[in-house]
Amino acid sequence: MQAQQFGACAAKAGQVVIAPLFGEEQWPLYQQVVRKGRADLALLGLMNDLRLAGLWQSKRFELSGFSGGAQFAHRFAMLYPNLIKTLSVTSAGWYTFPDAEPFPYGLGIRDGRKDDWGPQMESRLREFLQIPINIAVGALDGDCDSNTRSGVEIDHQQGANRIDRAHQWKKALLKAAQERGLPLPDVRIRELPESGHDFAECVKKGGLVNFVLSNREAKKPKSSANRDAKNPSSRATLPSEIQTINM
């Protein structure tokens with residue numbers, strides 16, 4: 001469904017839509033990127049195969065995800081910011097925040113664990129905060145369900161529901177940049193009208209496809225444009241060169 005909904009609009013812009021399927025049996029915790037088989041390495045392997053097949057050639061790609069896919073997408077982007085052109089997350093149940101909470105809630109160290117993924121993401125946070133980020137959530141997606149991770153600590157950190165958490169994550173990204181003396185990140189957030197926690201509804205009623213694929217070059221922040229002028233290697237690729245991955 002995601003490939004179909006994004007495909008027609010992306011094709012008009014000369015974009016390729018890649019929609020990998022992380023089956024629940026083989027990838028039960030793919031949302032956390034580095035758990036149970038390393039979904040991040042699977043995506044990297046897929047993209048390498050597609051590059052060798054000539055289906056995409058740009059240095060970076062756009063990454064988009066809905067619900068559990070949004071969880072995967074933002075954590076993958078935090079771990080591999082050098083690969084991401086634009087990040088779009090829609091209706092994530094919960095997020096990894098740029099704070100000191102242990103990973104995957106934050107970027108802190110997990111006691112007794114050898115793999116310090118949080119600190120690795122922290123070391124790449126400066127580059128992550130330079131990625132244009134779209135955050136979307138259905139305006140009717142304010143109820144908690146069985147897929148919404150809840151509890152006193154996570155509710156206090158992130159908010160009680162998906163709408164609150166989307167806004168809290170944006171505030172946390174802006175705060176993280178300010179605390180590190182970085183330019184404010186280019187983060188857009190939209191509550192999709194007449195939409196609950198349903199992809200088709202978010203597309204048909206909420207305008208999700210247009211929000212994700214809309215061209216941001218004309219709205220590029222002045223600070224970002226100046227940075228690109230000083231560093232030609234960081235300039236964005238043309239829209240026709242951008243590849244889109246949907247989760």
Which value results for Rg/Rh of region 169-215 when Rg is the Cα radius of gyration and Rh the Kirkwood radius based on the inverse mean 1/r? 1.14
Separation of the LYS171 and GLU194 label points, Cα + 7 Å toward Cβ, nm: 3.0
Backbone HN-Hα couplings from phi across region 101-107 [Karplus 6.51/-1.76/1.60, Hz, Gly and Pro as x]: 5, x, 4, x, 6, x, 10
At ASN210 and MET1, where each label point lies 7 Å from the Cα along Cα→Cβ, what is the point-to-point distance in nanometres? 2.1
Amide H within-cut-off set for GLU62, under 5 Å, with H built and near neighbours excluded: LYS85, THR86, GLN243, THR244, ILE245
So LEU83 and LEU44, fully extended at 0.36 nm per residue minus their Cα-Cα distance, gain in nm 13.1 nm
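Coordinate-derived values only; no laboratory data. As the structure is a computational prediction, the values presented were derived from the model and not from experiment. Note that each Cβ is placed from the backbone with ideal geometry, even for glycine, and that neighbours are counted across all protein chains shown.
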